[in-house]
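The structure that follows is given in the form of structure tokens.
The values are calculated or read from the model by the stated rules, or taken from the named source; none is laboratory data. Worth saying up front: this structure is predicted, and the values here are computed from it rather than measured. All Cβ positions, glycine included, derive from the backbone under ideal geometry; neighbour counts span all protein chains shown. Ligands, DNA and RNA are stripped out before the accessible areas are found, and what is left, the full protein with its side chains, is counted by its heavy atoms. Shrake-Rupley method; radii C 1.70, N 1.55, O 1.52, S 1.80 Å.
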Number of protein chains: 2
Amino acid sequence: MTTPGTFEILNSDPSSSARRGRLWTAHGPVDTPVFMPVGTQATVKAMTPLELDETGAEIILGNTYHLNIRPGIDIIEKCGGLHRFMGWNKPILTDSGGFQVFSLSGLRKIKPDGVEFSSHVDGTKLFLGPREAMDIQRRLGSDIMMAFDECTPYPCTYEYACQAVTRTLSWAALCAELHPRNGQLLFGIVQGGEFADLRARCARELTAMGFDGYAVGGVSVGEPEPVMLEAVRNGVVELPVNRPRYLMGVGVMRQLVESVSLGIDMFDCVMPTRYARHGTAITKARRYPVKAGEYKEDTRPVEEGCDCYCCRNFTRAYVRHLFNVNEILGVRLLSIHNLHQMTMLMRGMRAALDGGRFGDFKQEFLEANKEDR
Amino acid sequence: MTTPGTFEILNSDPSSSARRGRLWTAHGPVDTPVFMPVGTQATVKAMTPLELDETGAEIILGNTYHLNIRPGIDIIEKCGGLHRFMGWNKPILTDSGGFQVFSLSGLRKIKPDGVEFSSHVDGTKLFLGPREAMDIQRRLGSDIMMAFDECTPYPCTYEYACQAVTRTLSWAALCAELHPRNGQLLFGIVQGGEFADLRARCARELTAMGFDGYAVGGVSVGEPEPVMLEAVRNGVVELPVNRPRYLMGVGVMRQLVESVSLGIDMFDCVMPTRYARHGTAITKARRYPVKAGEYKEDTRPVEEGCDCYCCRNFTRAYVRHLFNVNEILGVRLLSIHNLHQMTMLMRGMRAALDGGRFGDFKQEFLEANKEDR
């Protein structure tokens, strides 16, 4: 077993910053670039761990904020940690709760050592800061912990973004100090909004603290795509080449390909499973509503040529019927298909990087995918 | 391949009317006594065909009434029939729609050749009678078709039950005449409410028409258990020994054991999947609400000693959490468990019959299960 935290760069694309890597965790290796399905409440929605494994998922994400509220850390700890609680034996990354505190909770009060807020479930007063986030993630037993940060909205003034970077850095320093170094990795998060100098400063100072990996946060919060990609560019440039980089909350296929070429290794997004719940299929060529009436007699699979369980066994007419009559199986089949699609895209990128043809892959992909997916 | 319709009686219990059988259909054999999970809308709720297979299901039920409304028979036929539409390659029994017409639909008008009624979905005027039911079931391609009957409510006057039997017999005769004899089997349905002479007359006259099998219908419609078991006794006594017998809509474990001892071979019920959706587990010893707060820290499986996917991999605390936060996986795991329980009960009865110890099995089971499940 290779030491957790080891990040091997197996190959690099000469024409971009894309790289093919392997990150070792306490629950085994993760081949990058990788997409991480989101298991907010200790379940990737509508999927069993077995099915997740079959879609080719290598690592999933859990949410500190949500799990801390329900079922609570005591219960998960009593059940042997998050892996055993949810029956997933491969790596898990947990976020720090920062994003949810700033996007989901009610009345917030930012204090030097964290944030006081109201639970989105029942309004209970709660407190989350670097100490709490580290303690919870340690007890969850995640393979990759995230430092507690302040996620700024879009748009946001320079002054506010600057203050948030200062707070994020001071909280990151405390997280680094509290890092148990027990095989659980710790990633720092680059904030700074759309401001190049703030992104660069944040990245530089985090790098000086020496994390196992680095994330670009505060993106995919409503900003236009060029602004997002610019933030990635500005965040990445000051990060060490030999450490994994994770772009938080991004899952549009085209953005994944663009971001990999900017040097990103890891992604997470709720989109594949959220689209599935709304009856929308993600395919190589487009995104379309299988639940629409026009597919009611369509005897083709959801995506021709796809070898997922849904496409191997069922027609669009059947999946459309399931949504039309509100059957859970519809959501299940599209969740399987959509997650499989994400895996296939990441595998495609990894194979292109292994074969030294990522430039061609990217060009072909972007030509064929001008639409948001 | 043995001819569809062949019913082998492999063993009989000397102390009761219970028998161990095997019914051959166009999609293979069904070992009896058997429990048939219900796939009302071309899906057993929350389950894939693969998972159904893993629970040990040998045959499932589809609903003519529902499938005729949505998605409609044209679409299912275009997709190659019900088996291919829903991806289930083992036997399917379809009901005739009679039960739903009488229990679910709006304003009804009974006519000599069937029933005019309003769709429960959008109020559309529809008509279903023996001709329509036979045509739809033929096109669905079910392995076992049911004759179109009139299901009487409980309580019901003798006069009304008598008229319903007369109509059921005349419709059954027409169904028998329309039977395509293409490998699809046709079962007649014994009605007659709680009246012994009507049940006996109906059974005798149906037997004279010569069906592939016989069902006892109009039970589990709100009557007390002794009334139900009496109706079974009265229905069965006049049926031919060498043909399979199906008790419609019964799924309480104790009633299954009692009915097998009265000579019933087949059962269907929505209960296992309905309980699952409501967070209730069926176990050998009892029925209990896993979703209740008292299980929130319970690290035992849903049922100790159970080898289903749910019990092999997850705790009550986890399943309870999933229900508490409205995650689909909770319904899925309990559906798997509850259907597995039904299969295990039927396997237990078959093994007891094979081993010549059904009397002991029944006694032990009834001692341990005084509660409704």
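Need one word for the stretch A:324-373: rounded, prolate or oblate. Basis is the Cα gyration tensor (sqrt eigenvalues a ≥ b ≥ c); a/c below 1.5 gives rounded, then a/b vs b/c decides.
Cα axes put the stretch A:324-373 in the oblate bin.
For A:Lys109, go through the lysines and keep the ones whose alpha-carbon is under 16 Å away, minus same-chain ones fewer than eight residues off.
A:Lys125
Right, something else. Antiparallel versus total DSSP beta bridges in the stretch B:18-118: what percent is that, nearest 5?
In the stretch B:18-118, DSSP labels about 60 percent of beta bridges as antiparallel.
To continue, here is another question. In Å, what Rg and Dmax follow from the Cα atoms of chain B?
20.1, 60
What FRET efficiency comes out for the pair A:Glu364/A:Glu304, r = Cβ-Cβ distance, R0 = 22 Å, nearest 0.05?
In this case the efficiency is close to 0.75.
Which of B:Asp122, B:Asp360, B:Asp135 moves most in a GNM of chain B, Cα contacts under 10 Å?
Between B:Asp122, B:Asp360, B:Asp135, it is B:Asp122 that shows the largest mean-square fluctuation.
Moving on to the next point. Restricting to the protein assembly as shown, what percent of DSSP beta bridges are antiparallel, rounded to 5?
45
Between chains B and A, what is the buried accessible area summed over both chains (1.4 Å probe, protein heavy atoms, nearest 100 Å²)?
Summed over both sides, the interface buries about 3300 Å².
Counting only protein heavy atoms, what percent of the accessible surface of the protein assembly as shown is carbon or sulfur at a 1.4 Å probe?
The C+S portion of the solvent-accessible surface of the protein assembly as shown is 49 percent.
Indicate the gyration tensor shape class of the stretch A:128-216 (rounded, prolate or oblate), computed on the Cα atoms with a ≥ b ≥ c the square roots of the eigenvalues: a/c under 1.5 is rounded; otherwise a/b larger than b/c is prolate and the rest oblate.
Prolate.
Starting from the Cα coordinates of the stretch A:3-82, work out the convex hull volume and express it per residue in Å³.
Looking at the stretch A:3-82, the number lands at 127 Å³ per residue.
May I ask for the distance between the Cα centers of the stretch B:113-164 and the stretch B:12-75, given as a whole number of Å?
The two parts, judged by their Cα centres, are 20 Å apart.
Ok, one more. Restricting to Cα atoms and excluding each atom paired with itself, what does the Kirkwood estimate give for the stretch A:191-320 in Å?
16.7
For the stretch A:125-179, what does the convex hull of the Cα positions come to per residue, in cubic angstrom?
97
How much of the pair distance distribution for the stretch B:2-46 lies past 17 Å, counting alpha-carbon pairs only, in percent?
49
When the accessible area of each residue in the stretch A:66-86 is compared between its chain alone and the complete protein assembly (1.4 Å probe; ligands, DNA and RNA ignored), which residues differ by at least 50 Å², being lower in the assembly?
A:Arg70, A:Ile75, A:Lys78, A:Phe85
Can you tell me what share of the DSSP beta bridges in the stretch A:59-129 is antiparallel? A percent to the nearest 5 is fine.
65
I'd like the Karplus ³J(HN,Hα) series for the stretch B:299-304: coefficients 6.51, -1.76, 1.60, θ = phi - 60°, whole numbers in Hz, and an x wherever there's a Gly or Pro.
8, 7, x, 3, 9, 5
Name the chain B residue nearest the rotation axis between B and A, going by Cβ position, and give the distance in whole Å.
B:Ile328, 3
Can you list, by residue number, the Cys in chain B that have no neighbouring cysteine C-beta under 4.7 Å?
Among the cysteines of chain B, those whose Cβ sits 4.7 Å or more from every other are B:Cys79, B:Cys151, B:Cys156, B:Cys162, B:Cys175, B:Cys202, B:Cys269, B:Cys308, B:Cys310.
Next question, about the same structure. 5 Å is the cut-off here: which amide hydrogens, built 1.01 Å from N in the peptide plane, fall below it relative to B:Met146, excluding neighbours closer than 5 in sequence?
Counting only residues 5 or more places away or on other chains, the set is B:Thr94, B:Ser96, B:Phe187.
Given label points at 7 Å from Cα along Cα→Cβ, what nm distances, shortest first, separate B:Pro240 from the same residue in every other copy?
In ascending order, 8.3 nm.
A follow-up question, please. Counting only other chains, what is the mean number of Cβ atoms within 10 angstrom of the Cβ of each residue in peptide A:39-51?
Averaged over the peptide's residues, the number is 5.
Moving to a separate point now. Roughly how many Å² is the accessible area per residue of the protein assembly as shown, as a whole number, for a 1.4 Å probe?
For the protein assembly as shown, the solvent-accessible area averages 36 Å² per residue.
From the label point of A:Gly359, set 7 Å from Cα along Cα→Cβ, how far away are the matching label points in the other copies, in nm, ordered shortest to longest?
8.7
Here is a follow-up. Suppose only helical runs count, i.e. DSSP H with n ≥ 4. What mean residue ellipticity at 222 nm does that imply for the protein assembly as shown under -39500 (n - 2.57) per run, divided by all residues and rounded to the nearest 500 deg cm²/dmol?
Taking each H run of at least 4 residues, the total per residue is -12500 deg cm²/dmol.
At R0 = 25 Å, how high is the FRET efficiency between B:Arg181 and B:Thr6 if r is their beta carbon distance? Nearest 0.05 is fine.
Approximately 0.95, to the nearest 0.05.
Then there's this: Could you tell me which of rounded, prolate or oblate describes the stretch A:102-142, using a ≥ b ≥ c as the square roots of the eigenvalues of the alpha-carbon gyration tensor, with rounded for a/c under 1.5 and, failing that, prolate when a/b is larger than b/c and oblate otherwise?
Oblate shape, in that a/c is at least 1.5 and b/c is the bigger or equal ratio.
Also: Give the nm distances, rounded to one decimal, from B:Pro153 to the matching residue in every other copy, measuring between label points 7 Å along Cα toward the beta carbon; shortest first.
Spacings between copies for this position, smallest first, are 5.5 nm.
Just list whichever of B:Lys284/B:Lys362; A:Lys45/A:Lys90; A:Lys296/B:Lys78; A:Lys78/B:Lys296; A:Lys296/B:Lys90; B:Lys45/B:Lys78 have alpha carbons separated by over 19 Å in the model shown.
Beyond 19 Å: A:Lys296/B:Lys90; B:Lys45/B:Lys78.
While we're looking at this one, here's another question. Assuming R0 = 51 Å, what is the FRET efficiency of A:Tyr160 and A:Glu77, from their Cβ-Cβ distance, to the nearest 0.05?
0.90
Extent of the stretch A:74-223 along each principal axis, from alpha carbon coordinates, in Å, largest to smallest?
Sorted largest first, the three principal extents are 45, 37, 27 Å.
GNM on chain A, C-alpha springs below 10 Å: top fluctuator among A:Ala203, A:Ala317, A:Ala173?
The residue with the greatest mean-square fluctuation here is A:Ala317.
Take the Cα atoms of the stretch A:35-110, find their three principal axes, and give me the spread along each one in whole Å, biggest first.
Computed over the Cα atoms, the extents are 43, 29, 19 Å.
Given Cα pairs under 8 Å that are at least 6 residues apart, what percent is the relative contact order of chain A?
Relative contact order here is 17 percent.
Across the residues of A:303-314, average count of Cβ atoms on other protein chains within 10 Å?
Average neighbour count from other chains, rounded to a whole number: 2.
Taking the C-alpha atoms of the protein assembly as shown, how large are the radius of gyration and the largest Cα-Cα span, Dmax, in Å?
Cα radius of gyration and Dmax of the protein assembly as shown are 30.1, 92 Å respectively.
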